[in-house]
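Report on the following structure.
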Amino acid sequence: MTETQMLMHLEEVNKVASEYIKGNDETAISKQLDLPRTRVVKLLNEWRGMISNNEAIRARAREALGTADQHYNRLITKTYEVIDAAESQGDLSEKTKAIKLILDIENKRIEMLQKAGLLENKEIAEELMAMENKQEVLVKILREVSGKCDTCKVEVAKRLADVAKQDEVITIVT
């Protein structure tokens, strides 16, 4: 393949990938770029291969997925607030809508993670487990250290409850 052919090929890969990132599926990309669908699928697979072998892109993908996941968490938290408000007002219709919204948000999150296809499920699971382990260690340290200080004990317990969004009482053992 000549250099010119290689550049044209990479440009075609970039066009297809750009449309894919915008959320278009293979059929829509095929129609929009006037390419056979099989060609679009082949180019997307090539693009996925290129990006999955590039560590810098993989790191950016992990960061983007993490940010998006945090965003979904915030949306779900806000939706639970809507459920609480609807419950207190006795508005079953709003409560039902909010519950459905949570289901939709979770489905979108799962779809995003599956569609990303940049990270192995095992890698994502390992990262989540590592984050959870770090969180447990930090909470344990805070509880142990603040347990030695009567002044700090109550404040740390309140802040841990706020972060955890829990209504339960957190007991710090002294």
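A compact table of results
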{"read-out": "Gyration tensor verdict on region 1-53 (Cα atoms; rounded if a/c is under 1.5, prolate if a/b is larger than b/c, oblate otherwise)", "value": "oblate"}
{"read-out": "Residue-by-residue Karplus 3J(HN,Hα) for region 89-99, coefficients 6.51, -1.76, 1.60, Hz, glycine and proline x", "value": "9, x, 9, 5, 4, 5, 4, 4, 4, 5, 5"}
{"read-out": "Farthest toward positive dipole pole in region 62-119 [+1 Lys/Arg, -1 Asp/Glu at C-beta], among 79, 90, 66", "value": "66"}
{"read-out": "Linear extension gain, residue 94 paired with residue 137, 0.36 nm per residue minus alpha-carbon span", "value": "11.6 nm"}
{"read-out": "Modelled FRET efficiency - R0 45 Å, residue 69 with residue 7, Cβ distances, 0.05 increments", "value": "0.80"}
{"read-out": "Cα-based shape type of region 62-119, given that a ≥ b ≥ c are square roots of the gyration tensor eigenvalues and the cut on a/c is 1.5", "value": "oblate"}
{"read-out": "Greater than 30 Å apart at Cα, pairs in 95/153; 78/140; 15/100; 78/158", "value": "95/153; 15/100"}
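Bear in mind these aren't lab numbers, they're just calculated from the coordinates by the rules spelled out. What you are looking at is a predicted structure, and each value in this text was computed from that prediction instead of being measured. Cβ coordinates were reconstructed from backbone atoms using ideal geometry, including for glycine residues, and neighbour counts include every protein chain displayed.
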